[in-house]
1. Placing +1 at every Lys and Arg Cβ and -1 at every Asp and Glu Cβ, with all other atoms neutral, what dipole size does the chain have around its Cα centre, in debye to the nearest 20?
2. Which ³J(HN,Hα) values, rounded to whole Hz and listed in residue order, are derived for the stretch 366-373 from phi using the Karplus coefficients 6.51, -1.76 and 1.60 in 6.51 cos²θ - 1.76 cosθ + 1.60 with θ = phi - 60°, glycine and proline given as x?
3. Could you pull out every one of the lysines with an alpha carbon less than 18 Å from that of K195, ignoring same-chain neighbours closer than 8 positions?
4. Between the stretch 171-246 and the stretch 334-393, how many Å separate their Cα centres?
5. May I ask which of K67/K339; K166/K317; K117/K166 have a Cα-Cα span longer than 32 Å here?
6. Can you list the HN-Hα couplings for the stretch 348-364, worked out from phi with the Karplus curve (6.51, -1.76, 1.60; θ = phi - 60°), rounded to whole Hz and with x for Gly and Pro?
7. Order of 94-101, 194-201 by packing, highest average Cβ count within 10 Å first?
8. Would you tally the net charge around K117, using a Cβ to Cβ cut-off of less than 10 Å, leaving K117 out, and scoring K and R as +1, D and E as -1?
Amino acid sequence: MHLRHHRWKDVSILSVTVLLIASSCAVKSGFVSDSTPAKQPSTILTESWRAYVSQFIQRDGRVIDLKGGGISTSEGQAYAMLRALWMGDRQTFDKTYRWALNNLNSGVRNDHLWAWKWGKTPQGHWQTLDKAFASDADQDAALALILAANVWNEPRYLSEARAVLKDLWDLGTKSLAGRRYLLAGDSLCQAQACKLNPSYCAPYAYRIFSQYDKGHNWAELVDSSYYLLDVVSGLTKTNLPADWILLDIRTGAIRLSNEKDSAFSYDAFRVFWRIGLDSRLFREVRAEKYLRRATHWIIQEWQKREKLPAVVSKDGKALANYESPEMLAGVLPALQSLKPEIAAAIEGRLQANFHCGIWYDRQSYYIQNWVWFGMALYQGYVVPFELSRHTSN
């Protein structure tokens with residue numbers, strides 16, 4: 001089952017921060033946020049990328065999850081492709097993509113999707129550990145290929161993206177009760193329900209897919225994404241999205257699952273970034289409406305305590321006594337126009353914990369990626385997306 005291995009861990013962010021503050025090589029970006037798109041990446045984005053390549057990416061292109069026992073995931077490879085494209089680093093883009101093709105697809109699956117987990121077996125062999133695909137990684141990879149085709153004028157990337165999209169549509173989407181939904185993968189529909197992940201919903205990507213893959217109606221996923229997020233918000237007292245939800249195969253009804261899955265934590269925060277990007281690129285009215293509703297609890301919590309718990313129950317109870325840097329960065333762009341003073345405070349906190357190209361925990365690839373994504377969107381550096389964006393559907 002595709003469940004992230006580092007869920008609900010009780011890590012002391014403070015202790016990690018204290019260790020890193022001792023380092024003498026802090027980098028400041030000198031960035032002041034405004035609504036004008038940035039044409040070049042800031043110093044902090046550049047230094048972070050260089051440190052990430054050195055710390056987490058092998059020479060052969062394998063992205064290593066150091067906190068997960070050295071495993072590699074389709075998610076990690078796709079994140080690296082997106083960031084490499086974003087930074088204009090074609091060498092890293094090509095080698096991380098090539099490693100994924102050679103190790104997560106070729107000889108592993110009979111389609112163009114990627115097995116989600118690769119690592120060391122109990123017998124000491126390095127190989128695929130779970131052949132199931134995770135749709136967020138495949139859609140991120142397809143998007144990276146489309147963007148790369150435009151940035152580097154390489155038609156081959158676009159052809160390969162279309163092959164991924166065909167299989168993602170056929171194997172990773174399902175039509176129920178008049179709506180087509182993105183499935184989380186090919187192993188999470190069991191008995192009478194499919195387990196879905198709201199943070200996989202990426203309407204900005206579906207709009208771009210629709211421009212380059214005319215054979216499928218990706219606009220259906222734009223609509224179902226907003227429908228699903230609105231329904232899920234109505235199921236929690238906080239209006240926050242849940243990490244995982246259940247979709248009834250018989251009726252199409254959406255419901256929460258157990259306490260752990262219904263929490264707002266390490267998966268769900270990505271909803272804010274993805275919807276924030278759709279708002280920024282396409283001026284989607286539904287995005288602005290959703291963000292205004294879903295950030296209400298976050299704004300109130302910050303105003304009371306000037307911090308956000310890393311795990312929040314559906315009833316609004318803190319289920320962790322530490323903060324999640326990646327969550328702070330994920331909600332950062334969403335707060336930029338709604339509560340700029342809170343966004344500025346969060347940005348300052350993230351900046352204060354950036355040392356030698358690393359945010360907070362030197363072993364956490366997840367933190368490095370999502371703080372980078374959050375900062376890039378907050379700073380308005382979305383040039384690759386602008387190059388591939390056509391008029392919204």
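1. Values: 47 positive and 39 negative charges, 34 e Å.
Rounded to the nearest 20 debye, it is 160 debye.
2. For the stretch 366-373, the Karplus curve yields 5, 4, 4, 5, 7, 5, 4, 4 Hz.
3. K131, K174, K260, K314
4. Between the Cα centre of the stretch 171-246 and that of the stretch 334-393, the gap is 24 Å.
5. The answer is K67/K339; K166/K317.
6. x, 5, 5, 4, 5, 10, 10, 9, 6, x, 10, 8, 6, 9, 5, 8, 9
7. Numbers: 94-101: 20.8, 194-201: 24.0.
Taking the mean over residues of other Cβ atoms within 10 Å, the ranking is 194-201, 94-101.
8. Working: positive: K131; negative: D65, E75, D130.
Neighbourhood net charge equals -2.
Read the figures in this text as sums done on the coordinates, not as results from a lab. Being a predicted model, the structure only gives us computed values, none of them experimental. All Cβ positions, even for glycine, are placed from backbone atoms using ideal geometry, and neighbour counts span all protein chains on display.
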